[in-house]
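Engineer: If you scroll down you'll find the structure; I have some questions about it.
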Amino acid sequence: MSVPTHGNYHGYYLKRPSVTDPRLALLPENTFSGKRVLDIGCNAGWVTCEIAQSRGAHKVVGVDIDDTLIRAAWKRRQVVWSLQKPQSSQSNEDNDLMDFEDLTRNASMEVTHLQADYFPASLQHSFGPLPIPPSKIRGKHAFPHNVSFRTADWVTEEIVEDANGYDVVIAFSISKWIHINGGDGGLRAFFRRVYSVLEPGGVFILEPQEWDTYKKAKRLNESLRNSAQTLELRPSDFESILGDIGFSPACHLGTTGDGGFRRTVDLYVKRHVT
Ligand SMILES: C[S@@+](CC[C@H](N)C(=O)[O-])C[C@H]1O[C@@H](n2cnc3c(N)ncnc32)[C@H](O)[C@@H]1O
């Protein structure tokens, strides 16, 4: 496997395994309800799928620079679908008589009642994943139709969904990789892009890596080592940079994760222009 110079670790979620990601538990209850969400640096899509399945999001897009990870994310979507408790046969029968609005309402009710780990993982390992019914049956805002994935370097490339804007943008454990690859300028450009795709009042959720974790990244290759030497910004500067761009002061939601994954999660709101 090539060197993961963008933090594009394969098997990342084997090191951070959980049915429910503890970082999401720090967020205000209705952060995702009915929202359009972008998950930047989604890796193999575990967090992205959780937001789409259990947090009532209208639409979630995961983007990652590594196409192999994006292919893994599409597979994860089908695995998550295969593990969740099926709708009862009663409601399936009812579905035949429902119109589209009923179906969409039914799907969002399901979010609150669903059981994500109903089937053992061994079942789909042995027999393969369950087929996904067409979106016209479940509704396009119900999981898994409300989640999709794209391959792109999101700092420099647009994806089609950007044009409609987002209510929530997530950047979990990615700022270090953008910073060290793109320098101070790349990181500032990234923060400006996040601002530009958010609706006024939209939310940016950032889990920055601490400065002392950059050491390990620098050791990955010479180019990163050289780039790291040019960096003047530190993670402690991010709040003021984001403030200058037009975000509210950070709401520090708390710290979670074990060992090297112990990090804070911060929430910024895009201020309305007056
Ligand atoms: C350390 S992983 C974090 C994964 C996930 N966000 C989480 O915390 O659970 C960082 C991810 O960001 C991706 N990444 C790094 N730079 C990127 C960029 N410029 N555009 C899109 N994805 C990027 C990497 O490929 C990797 O999957």
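Bear in mind that the values in this text are calculations on the coordinates, not laboratory data. Not measured: the values here are computed from a predicted model. When we count neighbours, we look across all protein chains shown, and the Cβ atoms used for this are built from the backbone with ideal geometry, even at glycine.
Engineer: To the nearest 500 deg cm²/dmol, what mean residue ellipticity at 222 nm is calculated for the chain from DSSP H runs of n ≥ 4 alone, each contributing -39,500 (n - 2.57), summed and divided by the residues? Write down the numbers at each step before the final one.
Structural biologist: On the way: 12 runs with 112 residues, N = 274.
The per-residue figure over the chain is -11500 deg cm²/dmol.
Engineer: If you don't mind, another one. Phe149's amide H: which non-local residues (gap 5+, or another chain) put their own amide H closer than 5 Å, with H modeled 1.01 Å from N in plane and none for Pro or chain starts?
Structural biologist: Long-range HN contacts for Phe149: Gly62.
Engineer: Once the Cα atoms of helix 67-83 and of the chain are each reduced to a long axis, what angle between those two axes, in degrees from 0 to 90 to the nearest 10, is obtained?
Structural biologist: Once rounded, the angle reads 30 degrees.
Engineer: Treating the angle as unsigned and between 0 and 90°, give the value, to the nearest 10°, between the Cα long axis of helix 175-197 and the longest Cα principal axis of the chain.
Structural biologist: So the inclination is approximately 60 degrees.
Engineer: Output the direction-averaged projected area (hull surface divided by four) of the convex hull of the alpha-carbon atoms of the chain, in nm².
Structural biologist: Values: hull surface 61.9 nm².
That works out to 15.5 nm², a quarter of the Cα hull's surface.
Engineer: Of the cross-linked pairs Lys35/Lys215; Lys85/Lys270; Lys59/Lys216; Lys136/Lys270; Lys15/Lys59, which ones have a Cα-Cα span greater than 31 Å in the structure shown?
Structural biologist: Values: Lys35/Lys215 37 Å; Lys85/Lys270 37 Å; Lys59/Lys216 35 Å; Lys136/Lys270 34 Å; Lys15/Lys59 27 Å.
Among Lys35/Lys215; Lys85/Lys270; Lys59/Lys216; Lys136/Lys270; Lys15/Lys59, the Cα-Cα distance tops 31 Å for Lys35/Lys215; Lys85/Lys270; Lys59/Lys216; Lys136/Lys270.
Engineer: Compute the separation of the alpha-carbon centres of the stretch 192-261 and the stretch 17-87 and state it in Å as a whole number.
Structural biologist: 21 Å
Engineer: Take Asp117 and Asn221, extend 7 Å from each Cα along the Cα→Cβ direction, and tell me the distance between the two endpoints in nm.
Structural biologist: The modelled label-to-label distance comes out at 3.7 nm.
Engineer: Between Rg and the Kirkwood Rh of the stretch 174-274, both from Cα atoms, what is the Rg to Rh ratio? Intermediate results must be reported in sequence, preceding the final value.
Structural biologist: Numbers: Rg = 14.2 Å, Rh = 14.3 Å.
When Rh is taken as the Kirkwood radius, the ratio is 0.99.
Engineer: From the backbone phi of the stretch 140-150, what are the Karplus-calculated ³J(HN,Hα) couplings (6.51 cos²θ - 1.76 cosθ + 1.60, θ = phi - 60°) in whole Hz, Gly and Pro given as x?
Structural biologist: 6, 9, 9, 5, x, 6, 8, 10, 8, 9, 9
Engineer: Please give the peptides 23-31, 174-182, 123-131 ranked by average Cβ packing (other Cβ atoms within 10 Å per residue), highest first, as a rough proxy for protection. Kindly include the intermediate steps, with their values, before the conclusion.
Structural biologist: Values: 23-31: 15.9, 174-182: 21.9, 123-131: 12.1.
Result, highest mean Cβ count within 10 Å first: 174-182, 23-31, 123-131.
Engineer: Show me 138-151, 248-261 ranked by packing, highest mean number of other Cβ atoms within 10 Å first.
Structural biologist: 138-151, 248-261
Engineer: Which percent, nearest 5, of DSSP beta bridges in the chain are antiparallel? Walk me through the intermediate numbers first.
Structural biologist: Values: 10 of 29 bridges.
So the antiparallel bridges in the chain amount to around 35 percent.
Engineer: In addition: Which value in nm describes the separation of the simple spin-label points at Ile159 and Leu130, placed 7 Å from the Cα toward the beta carbon?
Structural biologist: Label-label distance for Ile159 and Leu130, simple model: 2.6 nm.
Engineer: Still on this structure: Report the calculated FRET efficiency for Lys140 and Asp237 (r = Cβ-Cβ distance, R0 = 51 Å), to the nearest 0.05.
Structural biologist: On the way: r = 41 Å, r/R0 = 0.80.
After rounding to 0.05, the efficiency reads 0.80.
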